[in-house]
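See below for the structure under consideration.
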Amino acid sequence: MGRAWKFGDNISTDLIAAGRYYHLRSNLPELAKHVLEDARPEFAGQVKPGDIVVGGRNFGKGSSREHAPVIIKLAGTRAVLAKSFARIFYRNCINIGLPAIVVDTDKIAEGDDLDIDLEKGIVHDRTRGIDLTFPPLPKVMARILEEGGLVEYIKHHGDLVVAGT
């Protein structure tokens, strides 16, 4: 379970990891103290482990900064839900072991208590008593998430990824 932090459309990697903190790229725990600061100044100081970022359309647009999803994860966030993601941001999330789920987020409100079942493709909103469905992830992506990210997946399985595995 986690509390929903609602964001709008077009949350860019610049809003996730502001350029003025460029000097902190080699100190990701420190950079995570500023995650989403320009979108919601209170977020980094109030997010709790297991909370969930809920966006609208085109979440993670902009540059391909891999540290943007990393600091979302380091802040304790369990997953990112959005109507759509920028392609590179989406893959970076999966690669670092942060679930990025494409689902209709209109029915989720700020502060709702959410559960996510990746295998069944269900976001259960306990606050509203509703289930939102999403297509289950491809098997290989689910396995990458289970392993904690692409690096751990490769350590355990090698770099050969077979379709449908």
For 6, 107, what ranking results if the residue with the fewest other Cβ atoms within 10 Å of its Cβ goes first?
-> 107, 6
Simple Cβ-charge dipole of the chain, Lys/Arg +1 and Asp/Glu -1, about Cα centre, in debye nearest 20 | 300 debye
Counting each DSSP H run of 4 or more residues in the chain as -39500 (n - 2.57), what helix-only mean residue ellipticity at 222 nm follows after dividing by all residues, to the nearest 500 deg cm²/dmol?
-> -7000 deg cm²/dmol
What FRET efficiency would be calculated for the residue pair residue 155, residue 87, taking the C-beta separation as r and a Förster radius of 30 Å, to the nearest 0.05?
-> 0.75
Given the options 111, 149, 55, which has the most mean-square fluctuation in a GNM of the chain, springs set between C-alpha atoms less than 10 angstrom apart?
-> 111
Using Cα pairs under 8 angstrom and six or more residues apart, how large is the relative contact order of the range 2-135, in percent?
-> 26 percent
The range 25-80 - Debye-derived log10 I(q)/I(0), Cα point model, q = 0.21, 0.24, 0.29, 0.30 Å⁻¹ = -0.79, -1.04, -1.42, -1.47
Determine, from the Cβ-Cβ distance of residue 110 and residue 142 and an R0 of 30 Å, the FRET efficiency 1/(1 + (r/R0)^6), rounded to the nearest 0.05.
-> 0.55
Greater than 31 Å apart at Cα, pairs in 33/120; 107/139; 107/155 | 33/120; 107/155
Quick one: Cα centre-to-centre distance for the range 111-140 and the range 77-110, in angstrom?
-> 12 Å
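Taken together, the values in this text are just the output of simple stated rules run on the coordinates, not laboratory data. Everything numeric here is computed off the predicted structure, so don't read it as measured data. No Cβ is skipped: glycine too gets one built from the backbone with ideal geometry, and neighbour counts run over all protein chains shown.
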